[in-house]
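*Asks:* Structure incoming, see below.
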Amino acid sequence: MSAARGGGAVRTLRVPGRHGYAAEFSPYLPGRLACAAAQHYGIAGCGTLLILDQNETGLRLFRSFDWNDGLFDVTWSENNEHVLVTCSGDGSLQLWDTAKAAGPLQVYKEHTQEVYSVDWSQTRGEQLVVSGSWDQTVKLWDPTVGNSLCTFRGHESVIYSTIWSPHIPGCFASASGDQTLRIWDVKATGVRIVVPAHQAEILSCDWCKYNENLLVTGAVDCSLRGWDLRNVQQPVFELLGHTYAVRRVKFSPFHASVLASCSYDFTVRFWNFSKPDPLLETVEHHTEFTCGLDLSLQSPTQVADCAWDETIKIYDPVCLTMPA
C-alpha cells in the first residue's frame with residue numbers, strides 16, 4: 001500500500017546530523033514527543049534528546065539536551081509530566097527535566113557497555129526503571145536513588161529491549177541477541193520464563209495492553225511472533241512481510257489485536273494478528289533504517305517514528321483512521 005494518509009499531512013521535523021533511535025509520546029501532554037538520537041549512526045560522537053510539540057502546521061522543537069555519547073532509548077516518567085530518562089553508549093542512564101533548560105538532573109553509571117533500552121514502570125504504586133545493556137545484564141532502578149536496586153543476569157548476549165508489563169506489578173520482559181525472550185519478576189532473583197523465540201537476534205519486544213499473557217517479539221529474521229506465556233512451545237501468531245530486521249514492535253493502546261513494527265527495510269507496517277490477512281498497511285516515508293516507533297496514548301490514530309535519515313514524523317495511517 002502507498003504512504004497516503006487518512007488523517008491529514010505527515011508532520012516532519014528534520015534534525016541535521018542526528019540519527020533517530022527511539023520516539024515516545026508523552027503520557028500526559030497531547031502532542032508532545034521525545035526522541036533519542038545520536039550522531040554518526042550511534043557509532044561515534046554525541047547524542048541529543050529532542051522534545052517536540054505538535055501544532056497546526058507541523059512539529060516544533062520545544063527543547064533539546066545534548067549528551068556526550070549517543071542516546072539509544074527514552075522513556076517518560078509515569079508520575080511527572082516533565083521528567084524522562086534516556087540511556088546511552090557510555091553505559092549510563094540520564095534523568096532530565098523538560099522544565100529546566102540544562103541537564104541532566106542525575107546520571108546513573110553502572111552498566112559496563114552500551115545501554116540500549118530503558119523503560120519506566122506503568123503500574124501504579126511503583127516508580128521503577130529497567131535498563132538493558134550490551135553487558136548482558138538488566139538493571140532495576142528507583143530514579144530517586146543513585147544506585148541500582150538489583151541486577152538480573154542470565155542472558156548470554158547483548159540485551160536490546162526491556163519493557164515492563166502494563167498489567168502485573170514488578171514484572172518485565174527482555175529480548176536479546178541470544179535469541180530468547182525472558183520474563184522476570186523483581187521479587188525473584190532468577191528468570192521466570194525463558195522463551196527461545198527466534199533462531200535469530202531479537203531486537204524488540206512488547207506487551208499487549210489487553211492481555212497480560214500476550215507479548216510480541218521482532219527479530220533479525222524479519223518476523224514478528226506472538227507469545228502466550230501460558231504455553232510458549234509455539235508462537236500464537238507469526239507476521240511476515242518485512243525484508244530486513246525488525247527493529248521495534250509496539251502494540252496498539254486502543255485496539256486489542258493491532259500492532260505496529262518498524263524495520264531496517266525503511267518501512268513501518270501495521271498488522272491485525274486476528275485477521276487471516278494480517279498486514280493492514282505499509283508506510284514507506286523514510287530513506288534509511290527506521291528505528292523509533294510509538295503509538296499515541298491520546299489519539300487512536302496517531303503514530304510517531306524516527307529514522308537514520310535525520311527525520312522525525314507524526315502521522316495518521318489510513319488503517320487506523322478507518323473502522324476496524
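The values are calculated or read from the model by the stated rules, or taken from the named source; none is laboratory data. Owing to the predicted nature of the structure, the values given are computational and were not obtained by experimental measurement. Counting neighbours? That spans all protein chains shown, and the Cβs are built from the backbone with ideal geometry, glycine included. With ligands, DNA and RNA removed, areas are computed over all heavy atoms of the protein, side chains included. Shrake-Rupley method; radii C 1.70, N 1.55, O 1.52, S 1.80 Å.
*Asks:* Which one, 93, 108, 169, projects farthest toward the positive side of the charge dipole computed for the chain from Cβ point charges (K/R +1, D/E -1)?
*Replies:* 169
*Asks:* Compute the distance from the alpha-carbon center of region 19-38 to that of region 299-321, in whole Å.
*Replies:* Taking the Cα centre of region 299-321 as reference, the centre of region 19-38 is 11 Å away.
*Asks:* Any idea what Rg and Dmax come out to for region 119-207 if you just take the C-alpha atoms, in Å?
*Replies:* Computed over the Cα atoms of region 119-207, radius of gyration and Dmax are 12.2, 39 Å.
*Asks:* Another question, if that's okay. What base-10 log of the normalised intensity I(q)/I(0) is obtained for region 8-59 from the Debye formula, alpha carbons as equal point scatterers, at q = 0.14, 0.20, 0.26, 0.27 Å⁻¹?
*Replies:* Calculated log10 I(q)/I(0) at the listed q: -0.40, -0.73, -1.02, -1.06.
*Asks:* Calculate the dipole size of region 141-228 relative to its Cα centre from +1 charges on Lys and Arg beta carbons and -1 charges on Asp and Glu beta carbons; express the result in debye to the nearest 20.
*Replies:* 160
*Asks:* What is the distance, in nm, between label points placed 7 Å from the Cα along the Cα-to-Cβ direction at residue 68 and at residue 156?
*Replies:* Output for this residue pair reads 3.7 nm.
*Asks:* Could you tally the net charge around residue 310, taking each other residue with its Cβ under 12 Å from the Cβ of residue 310, Lys/Arg +1 and Asp/Glu -1?
*Replies:* +1
*Asks:* Using alpha carbon centroids, what distance separates region 46-96 and region 176-201, in Å?
*Replies:* If we compute the Cα centre of each part, the gap is 28 Å.
*Asks:* From the residues 181, 254, 233, which one has its Cα farthest along the dipole of the chain in the positive direction, the dipole being from +1 and -1 charges on Cβ of Lys/Arg and Asp/Glu about the Cα centre?
*Replies:* Highest projection toward the positive end goes to 254.
*Asks:* Something else about it: Rank 322, 214, 17 by how far each Cα sits towards the positive end of the charge dipole of the chain (+1 on Lys, Arg Cβ; -1 on Asp, Glu Cβ) and give me just the farthest.
*Replies:* It is 322, whose Cα lies furthest towards the positive end.
*Asks:* Under a Cβ-only charge scheme (Lys and Arg +1, Asp and Glu -1), can you give me the dipole magnitude of region 1-131 about the Cα centre, in debye to the nearest 20?
*Replies:* 520
*Asks:* Enter the per residue convex hull volume of region 245-321, computed from alpha-carbon coordinates, in Å³ rounded to the nearest integer.
*Replies:* Residue-normalised Cα hull volume stands at 77 Å³.
*Asks:* Based on Cβ point charges of +1 for Lys and Arg and -1 for Asp and Glu, what charge dipole magnitude is obtained for region 139-287 about its Cα centre, in debye rounded to the nearest 20?
*Replies:* With Lys and Arg at +1 and Asp and Glu at -1, about 360 debye.
*Asks:* With every atom except the alpha carbons ignored, what do you get for Rg and Dmax of region 23-124, in angstroms?
*Replies:* 13.2, 44
*Asks:* Could you please report the charge total around residue 210, scoring K, R as +1 and D, E as -1 over all other residues with beta-carbon less than 14 angstrom from its beta-carbon?
*Replies:* So the environment of residue 210 carries a net charge of -1.
*Asks:* Here's a follow-up. When a/c is below 1.5 the answer is rounded, else prolate if a/b is larger than b/c, else oblate, so apply that to region 38-93 with a ≥ b ≥ c taken from the square roots of the Cα gyration tensor eigenvalues.
*Replies:* Here region 38-93 falls in the oblate category.
*Asks:* Just to make sure I understand: if all protein chains stay in place, what is the order of 250, 187, 109 by accessible area at 1.4 Å, largest first?
*Replies:* Final ranking, largest accessible area leading: 187, 109, 250.
*Asks:* Here is a follow-up. Okay, helix-only estimate at 222 nm for the chain: each DSSP H run of n ≥ 4 adds -39500 (n - 2.57), divide by all residues, round to 500 deg cm²/dmol; what do you get?
*Replies:* For the chain, the value works out to 0 deg cm²/dmol.
*Asks:* Further question on the same structure: Less than 14 Å from a label point 7 Å out along the Cα-to-Cβ axis of residue 106: which backbone N atoms in region 48-77 qualify, by residue?
*Replies:* The answer is 77.
*Asks:* Same structure again: Taking a ≥ b ≥ c as the square roots of the eigenvalues of the Cα gyration tensor of the chain, is the shape rounded (a/c under 1.5), prolate (a/b larger than b/c) or oblate?
*Replies:* The shape class here is rounded.
*Asks:* I would also like to ask the following. Please report the Cα spread of region 181-317 along all three principal axes, rounded to whole Å, starting with the longest.
*Replies:* The principal-axis extents, from largest down, are 41, 33, 30 Å.
*Asks:* Measure off 7 Å from each Cα along the Cα-to-Cβ vector at residue 142 and residue 234, then give the distance between these two points in nanometres to one decimal.
*Replies:* Placing both labels 7 Å along Cα→Cβ, they lie 4.6 nm apart.
*Asks:* How much length would be gained if the chain were fully extended between residue 254 and residue 123, taking 0.36 nm per residue of separation minus their Cα-Cα distance, in nm to one decimal?
*Replies:* 45.4 nm
*Asks:* Residue 113 to residue 80: FRET efficiency via 1/(1 + (r/R0)^6), r the Cβ-Cβ distance, R0 45 Å, to the nearest 0.05?
*Replies:* Computed FRET efficiency for residue 113 and residue 80: 0.95.
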